[in-house]
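All remarks here apply to the structure that follows.
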Amino acid sequence: MSITSRGKNTWRIEVITGKVNRQYQRITETFHGLKSEAKNRESELKKQSQTGTVVVNRKMTFSEFSEIWLKEYAQNLAPRTYKEYTKLIEKINNCIGNIPLIELKPLHLTDYYNQLREKGKEAPHNKLKKDKTSPKTLSENTILHHYTLIGEILNRAVDWDCLERNPNTKVPRPKIQKHEPKFYDTEQVQNLLKCLETEPLQSKALILLALDTGARRGEITGLDWSDIDFEKNFISINQTTQMLNGEIIEKVPKTNSSIRKVAISAKTAQVLKAYKKEQLMKELELGSKWEKTNKVFTGRLGGAISPSAPSRIFSDIIKRYNLPSIKFHELRHTSVSLLINSGIHTHVISKRVGHSSISTTSSIYSHIFNSAEKEVAEKMNNILKAT
């Protein structure tokens, strides 16, 4: 048995309950209170473990456990994910944080999700506080983020023997609202390319690369010149950039499928070569003022470009030429739709854009596949008529 300090009036209690297959079995618990109270709790845990009726600290609130979850589990996640979870947990705790963990019921969680759906709704039993920081209304997709995070925290509470069962499993999962992705058709792409002829080489290279490869924004801004093989016209996608606390950070893509080699067209390679030459000339011109980097896309004085820059550049071009409004990420959808309508096999498309499986590609772009199938049926009908 041991008691270890984990901060002011916070203690980690560990009780050895026995040995299984030559390995000691332990009960661990984080306790908030005086050291004397922690010792009493330790003795209580020891007695309960001997009778097989271990009961968790009944005083521990959801807020207190979520702090433990952040420290013990979430800190091992990606920095940006950790930051997003921290913000989301703060909002969640404004509503259910004061409820003791073992008293948390499906009704509490149902009320919380309904508060997110309806502005100003407060639980009828008044056990929940109105969340002043919540937006007016949230989509089911956003509410699903809250649902998933709460479920993960409570699952961990069960795993750590702080809770017998997860009450979130008895609450209906918010239904994902599918939105068909927007994209340009062939004629609109041709018009965009004409507009790019008078744009700076960097803008032209950014947009061409997105259209050609279907790469994500962070994947494009994460490219180094060493990732481009001009002899074979391939790019290697092995890292991505994102903003965290005002700084640009590099990270490995989440899934192995996102790490890939993608063939680029001769047209894209030609523009990239011209852009590289221009970049080298600018570096020579600025001398010591240039922040040397191996990045393909840089700021005005060198250095890595902000991951949000492609969106800003593309948005300005859309406004300047009065083009149909789509987001930079929807150039990825445009790329996929062009490939589908060109008859490229789904497996090839899936690998090219870094999806984890063909089913992911089929699910996201089902309406485009359906449209292509109708076109095939019409063409087949004409063939059969002719015979």
Output for Cβ contacts, cut-off 6 Å, separation at least six or different chains, first residue touching a residue at least 60 places away in the same chain (Cβ under 8 Å) in segment 327-351, second in a helix (DSSP H, G or I) and of a type in the set (G, A, S), reads F328/S311; L331/A210; N341/A372
Within segment 285-326, residues being within 25 Å of the chain's Cα centre (by Cα) and either β-branched (V, I, T) or under 19 Å from L196 (Cα atoms) (or both) number 13
Problem - Flag for E278 being in a helix (DSSP H, G or I) and either in contact (Cβ under 8 Å) with a residue 60 or more places away in the chain or touching a helix residue (DSSP H, G or I) at 6+ places or on another chain (Cβ under 8 Å) (or both) - result: yes
Being farther than 22 Å from I259 by Cα and either among the aliphatic types (A, V, I, L, M) or in contact with a Leu (Cβ under 7 Å, 6 or more places away or on another chain) (or both) narrows I305, I326, I349, I344 down to just I326
Given the conditions (1) closer than 16 Å to W160 by Cβ; (2) modelled with pLDDT of 90 or more, every one holds for G97 apart from (1)
Checked pairs for segment 152-176, first surrounded by fewer than 20 Cβ atoms within 10 Å (Cβ to Cβ), second of a type in the set (F, W, Y) and not in a helix (DSSP H, G or I), C-beta under 9 Å and 6 or more apart or across chains, list as E152/Y73; R156/Y73
Here the residues within segment 59-89 that are free of Cβ contacts under 8 Å to residues at least 40 places away in the same chain and not in a helix (DSSP H, G or I) are L77
Of the candidates L163, L154, L138, the one satisfying the condition of being part of a loop (DSSP other than H, G, I, E, B), in the same structural domain as S66 (by TED's automatic domain parsing) and under 20 Å from Y85 (Cα atoms) is L138
Restricting segment 112-141 to residues that are in contact with a helix residue (DSSP H, G or I) (Cβ under 8 Å, 6 or more places away or on another chain) and under 18 Å from T61 (Cα atoms), the one modelled with the highest pLDDT turns out to be Y112
Considering segment 97-110, residues that are touching a helix residue (DSSP H, G or I) at 6+ places or on another chain (Cβ under 8 Å) and assigned to a helix (DSSP H, G or I), and then whichever is surrounded by the most Cβ atoms within 10 Å (Cβ to Cβ), we arrive at L109
Across segment 233-266, the tally of residues that are assigned to a loop (DSSP other than H, G, I, E, B) and either among the basic types (K, R) or at pLDDT below 90 (or both) stands at 6
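So that you can scan it fast, the table gives a plain yes or no per residue for (1) more than 19 Å from the chain's Cα centre (by Cα); (2) among the basic types (K, R):
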{"site": "E67", "(1), (2)": "yes, no"}
{"site": "A74", "(1), (2)": "no, no"}
{"site": "Y82", "(1), (2)": "no, no"}
{"site": "I89", "(1), (2)": "no, no"}
{"site": "N94", "(1), (2)": "yes, no"}
{"site": "K105", "(1), (2)": "yes, yes"}
{"site": "N114", "(1), (2)": "yes, no"}
{"site": "E118", "(1), (2)": "yes, no"}
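Quick check on Q242: is it out of contact with any helix residue (DSSP H, G or I) (no Cβ under 7 Å at 6 or more places or on another chain), in contact (Cβ under 8 Å) with a residue 12 or more places away in the chain and surrounded by 14 or more Cβ atoms within 10 Å (Cβ to Cβ)?
no
The values are calculated or read from the model by the stated rules, or taken from the named source; none is laboratory data. All values reported here derive from a predicted model rather than from experimental measurement. Counting neighbours? That spans all protein chains shown, and the Cβs are built from the backbone with ideal geometry, glycine included.
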